[in-house]
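Where a number appears in this text, it was derived from the coordinates with a stated rule and is not lab data. As the structure is a computational prediction, the values presented were derived from the model and not from experiment. Every residue, glycine among them, receives a Cβ derived from its backbone with ideal geometry; neighbour counts consider all protein chains shown.
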Amino acid sequence: DKWVYTFGDGAAEGRAGDRNLLGGKGANLAEMCSLGLPVPPGFTITTEACNRYYANGKSYPEGLERQVDTALEHIAKLTGRRFGDPEKLLLVSVRSGARASMPGMMDTVLNLGLNDETVLALAKDAEDPRFAWDSYRRFIGMYANVVLDLDHEEFDEILGDEKARAGVELDTELSAKDLERVASLYKKKVEEETGEPFPQSPRDQLWGAIGAVFSSWMNHRAITYRRLHDIPESWGTAVNVQAMVFGNMGETSATGVAFTRNPSTGEKALYGEFLVNAQGEDVVAGIRTPQNITEVARIAAGSDKPSLEKLMPETYRSFIDIANRLEKHYRDMQDLEFTVERGKLWMLQTRSGKRTARAALRAAVEMAGEGLITEDEAVARIDPASLDQLLHPTIDPKAERNVVATGLPASPGAATGEIVFSSDAAEDARAQGKKVILVRAETSPEDIHGMHASEGILTTRGGMTSHAAVVARGMGKPCVSGAGGLRVDARAETLTAAGQIFRKGDVITIDGGSGQVLKGAVAMVQPELSGDFAKIMEWADSKRRMKVRSNAETPADARAARSFGAEGIGLCRTEHMFFDATRIVAVREMILADTEEGRRTALAKLLPMQKSDFAELFEIMAGLPVTIRLLDPPLHEFLPHSEEEIAEVAAAMNVETDRLRERADALHEFNPMLGHRGCRLAVSYPEIAEMQARAIFEAATEAAQASGKPIVPEIMVPLVGLKSELDFVKARIDAVAREVAAETGTRLDYLVGTMIELPRAALQAGSIAHSAEFFSFGTNDLTQTTFGISRDDASSFLDVYRRKGIVEQDPFVSLDQEGVGELVQIAAERGRKTRKAIKLGICGEHGGDPASIHFCEEVGLDYVSCSPFRVPIARLAAAQAAI
Ligand code: PEP
Ligand code: MG
């Protein structure tokens, strides 16, 4: 078996298409090599080796060690250096690289191969002892943290003490002697903590690092990240081992990161940062504030530190060339890492750049305009779920801004919340229903859960590519980073800004679009959905086959749905219309009446209200289809609970409170979700269905007359399991239709259909379709009844299921395509067999979930229906499914 793939000097065994096997980083390193770009030679250990390592109880697969030796020989041949040989010293970096990029999740070790002996060789070789000791102390620090699992703060403390002792502020001001001391204190620390001396054999170091990369696939942070991003554990990670190049060899050396377009706005302008005389992680860790790459960006940022363009013009030009080439080659915005060693440029990574939703839209539209990609590709490139970010509020331009500090606009959108200073505090506050802003000096991968629990993130250190910025953009959360004017004292839980002290629980607002930090809560506005957004939507709409409707019952929801582009209402849950304070008493009267007459009295009160509800919906939807579902409440949702409520209903019904309480008790059900609800209510109390049908028909007739356009209401019967249930209810609806037609002297067009939300209905769809003119899949109940899992109680154990890998996804969020999906498929097929033109839709929550929408396209549904704010997501996902 082949576990190791080499690359270097214009050739590689892998290529970009091998990302499953080599991980994203390894595959792209190979590709860049083949393109003839300057990449330090190295090799990639495959993700399969990682999987085999876990399958074998954490031991390396047969042949791996030999293949690594051969690959080290390969590097030796290309560089003239040999691993572990002090005469011709070769140092390597060891990095992880999974299939999908997991920023900050996995670990890197640089300068590997240094020990007490080779550090001297390096000093001699580089003619610079300072550089050698700087590299060695970095290596020990990284190795201790990543491989030996020691806390990096203890090492930071040693470095901090040394700087204080030497009376300097920056790492770069420490002398060779200072750094030598740091290295030896680091080693002492390692021995104290682990009981063993720091490993001196380069070979042991290498295998320690490889093992650590594999292990980090299963560390807490990686597992959390995978769970949040639905990345399967079975992917594994690759390991990349590469000859070191040094950005810390003095003033002609540097290291940096760049995007070929602005990752925040999408603007076509190279965007990046670098540090002179620095190594790898320094830029993203926010230890020193980085410099801009281009002059334009430097001027825009008002920075007085020279740009790369000014400082190293030749290197800059070759870098720009390479960046352009890579963007053309990959036909996408790239995220690049590079190092300059004594004026020579080396590429360390390229990958498709993470971007905000706004940037993704702009870049896609512009790349299509440039002819770099097609319109189809532009549509396919946008992650539908990310559109959610654009629906975030921003600060009202008219609102007063009490600005206490300004940092970098690291991730767009604005957020208000109470200050918390730790990720655990963020989680606790969130659990109590509070909205919080996580305030930190900087974030690290250990903060993922806290960032997730927060409305927004504020850091005082770090640039646009800092951990906080990258992760917040990925999560679609507002973030302001590097707000240097703020002082955070995490221990005292205070934030000092502009002479004011803020404490835990104080409210602030951050504006991720401008980088401002504001005191208190600030008025927000909803975003404009025009420009690039509208363009992509227009392209998407021209490509999709399925229609997109919305679940809506209030006029506000219906209007929002239309403004987001809904093409009708797929589900109007009429019970939601009954909670209004002005009607709940009449609704309770209707439910608690023990005679038909009593019910009819209450229904007579509800009829005009329902009629005006429907008339308004028909008017807003202006001739678009509207599906109205008959009453479907598990009854307990409506029963009066408090003595006060009972007294109120008793008075309205003119009965004794005690009698009413008895009646309410009698209606108590052990399992209301499977109880007297859905069409069962219409069977017991047909007058309820009749009232609703009348309200619908009268409203439709009047709305049609008013607008001069025909209205064809779709009446939907819930929770049908038997064809005979549907037939019973349909007969009542048809009878009311005949009455209303006679009374108004008009012709009534309407459809009667059913929800498919019980397994029996799905299986018997062929028979039910004789009576139903449409099916709407109620996948909330269908999931509940297929799994036998209560939709209201599931979260308590489904979380455990996900963590333990029993299920990969919550089936109430993303359709279980195998099981529930099979029932949907069966029902669609059998329904169509009976009634060729039967209209098929979905109105469970899954109607707004991109993966489930793909499934709906495969089954050939006619439309999906989702909540108003998900309509744009569904339009895009439906287009992607059709492309
Ligand atoms: C469903 O069950 O999927 C559905 C849409 O109905 P409800 O959520 O109202 O039960
Ligand atoms: Mg339902």
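Once you order the gyration tensor axes a ≥ b ≥ c over the Cα atoms, which shape class does the range 815-883 get: rounded for a/c under 1.5, otherwise prolate or oblate by comparing a/b with b/c?
Prolate.
If we sort 507-518, 213-224 on the protection proxy, mean other Cβ atoms within 10 Å, highest first, what's the order?
Descending mean neighbour count gives 507-518, 213-224.
Debye sum, Cα scatterers, the range 659-798, no solvent: what log₁₀ I/I(0) at q = 0.11, 0.13, 0.16 1/Å?
-0.51, -0.68, -0.92
Once every DSSP H run of n ≥ 4 in the chain is given -39500 (n - 2.57) and the sum is divided by its residues, what mean residue ellipticity at 222 nm do you get, rounded to the nearest 500 deg cm²/dmol?
Mean residue ellipticity, 222 nm, calculated: -14000 deg cm²/dmol.
Please give the peptides 479-488, 669-678 ranked by average Cβ packing (other Cβ atoms within 10 Å per residue), highest first, as a rough proxy for protection.
Per-residue mean Cβ counts within 10 Å order the peptides as 479-488, 669-678.
For GLN334, what residues show an amide H to amide H distance below 5 Å, using hydrogens built from the backbone and excluding near sequence neighbours?
THR260, ARG261, GLY353
Please give me, ordered by residue number, the trypsin sites (Lys or Arg not before Pro) of the range 43-82 that lie in loop per DSSP and have at most 12 other Cβ atoms within 10 Å.
LYS58
Rounded, prolate or oblate: which fits the range 1-73, taking a ≥ b ≥ c as square roots of the Cα gyration tensor eigenvalues, rounded meaning a/c under 1.5, else prolate when a/b beats b/c?
Since a/c reaches 1.5 but b/c is at least a/b, the shape of the range 1-73 is classed as oblate.
For the range 396-525, compute the orientation-averaged projected area of the C-alpha convex hull (one quarter of its surface), in nm².
Computing the convex hull of the Cα atoms and averaging its projections yields 6.8 nm².
When the Karplus curve 6.51 cos²θ - 1.76 cosθ + 1.60 is applied with θ = phi - 60°, which whole-Hz ³J(HN,Hα) does each residue of the range 137-147 get, with x for Gly and Pro?
Result, rounded to whole Hz: 5, 5, 4, 4, x, 5, 5, 4, 6, 7, 8.
How big is the gap, in Å, between the Cα center of the range 22-46 and the Cα center of the range 316-375?
With the range 22-46 and the range 316-375 each reduced to a Cα centre, they are spaced 16 Å.
What are the ³J(HN,Hα) values, in whole Hz, obtained from phi via the Karplus relation 6.51 cos²θ - 1.76 cosθ + 1.60 with θ = phi - 60°, for each residue of the range 206-211 in sequence order, with x given for Gly and Pro?
Working through the residues one at a time gives 4, 5, x, 5, 4, x Hz.
Taking neighbour counts of Cβ atoms within 10 Å as a proxy for exposure, in what order, fewest first, do THR350, THR44, THR265, THR6 appear?
The most exposed by this proxy come first: THR265, THR6, THR350, THR44.
Over the chain, what is the mean sequence separation of C-alpha contacts under 8 Å (at least six apart), divided by residue count, expressed as relative contact order in percent?
Here the relative contact order equals 9 percent.
Order these by the 10 Å Cβ neighbour count, fewest first: TRP3, TRP539.
Listed from fewest to most nearby Cβ atoms, that is TRP539, TRP3.
Step through the residues of the range 316-322 one at a time and calculate ³J(HN,Hα) from phi using the Karplus curve (6.51 cos²θ - 1.76 cosθ + 1.60, θ = phi - 60°), rounding each to whole Hz and writing x for Gly and Pro.
In residue order, the calculated couplings are 4, 5, 5, 5, 4, 4, 5 Hz.
Principal axes first, then extents: for the Cα atoms of the range 254-382, list largest minus smallest coordinate on each axis, whole Å, largest first.
Projected onto its principal axes, the Cα set of the range 254-382 covers 44, 27, 24 Å.
May I ask you to give the average projected area over all directions of the convex hull of the Cα atoms of the chain, in nm² rounded to one decimal?
Average of the hull's projected areas for the chain equals 41.2 nm².
At q = 0.20 Å⁻¹, what log₁₀ I(q)/I(0) does the range 1-146 have when each alpha carbon counts as one equal point scatterer in the Debye sum?
Those come out to -1.33, one per q.
Let's test this: bin the Cα-Cα distances of the range 450-544 at 5 Å from zero up to the farthest pair and state each bin's percent.
3, 11, 18, 20, 16, 12, 7, 5, 4, 3, 1, 0
Could you give log10 I(q)/I(0) at q = 0.14 Å⁻¹ for the range 4-243, computed by the Debye formula over C-alpha point scatterers of equal weight, without solvent?
Values, matching the q order: -0.95.
Beyond 21 Å between alpha-carbons counts as too far, so tell me which of LYS435/LYS477; LYS398/LYS519; LYS605/LYS709; LYS310/LYS344; LYS25/LYS310 fall in that bin.
Violating the 21 Å Cα-Cα cut-off are LYS605/LYS709; LYS25/LYS310.
Let me have the relative contact order for the range 254-382, percent, based on Cα pairs under 8 Å that are six or more residues apart.
After rounding, I find 26 percent.
As a quick test, which of the pairs LYS58/LYS187; LYS723/LYS833; LYS124/LYS188 have an alpha carbon distance above 19 angstrom in this structure?
Among LYS58/LYS187; LYS723/LYS833; LYS124/LYS188, the Cα-Cα distance tops 19 Å for LYS58/LYS187; LYS124/LYS188.
Does the range 645-685 classify as rounded, prolate or oblate by the C-alpha gyration tensor (a ≥ b ≥ c root eigenvalues; a/c under 1.5 gives rounded; else a/b over b/c gives prolate, otherwise oblate)?
It comes out prolate by the Cα gyration axes.
Return the loop-located GluC sites (Glu not before Pro) in the range 628-659 (DSSP other than H, G, I, E, B) with at most 13 other Cβ atoms within 10 Å of their own Cβ; answer none if there are none.
In loop regions of the range 628-659 (DSSP not H, G, I, E or B), the sparsely surrounded GluC sites (Glu not before Pro) are GLU656.
Distance from the Cα centre of the range 232-297 to that of the range 137-207, in angstrom?
Going from one Cα centre to the other spans 23 Å.
Just to confirm my numbers, what's the Cα centroid distance between the range 488-506 and the range 430-481 in Å?
17
Please compute the volume of the convex hull spanned by the alpha-carbon atoms of the range 92-150 and report it per residue in Å³.
Normalising the Cα hull of the range 92-150 by residue number yields 90 Å³.
Chymotrypsin sites (Phe, Trp or Tyr not before Pro), restricted to the range 559-660: which are DSSP loop and have at most 15 other Cβ atoms within 10 Å?
Those that pass, being in a loop and sparsely packed, are PHE579.
Order these by the 10 Å Cβ neighbour count, fewest first: HIS846, HIS152.
Result, fewest neighbours first: HIS152, HIS846.
Normalised by the number of residues in the range 633-725, what is the relative contact order in percent for Cα pairs under 8 Å and 6+ residues apart?
Rounded, it is 30 percent for the range 633-725.
Check cross-link reach from LYS804 to the aspartates and glutamates: straight Cα distance under 13 Å, and skip same-chain residues fewer than eight apart.
Within reach: GLU233.
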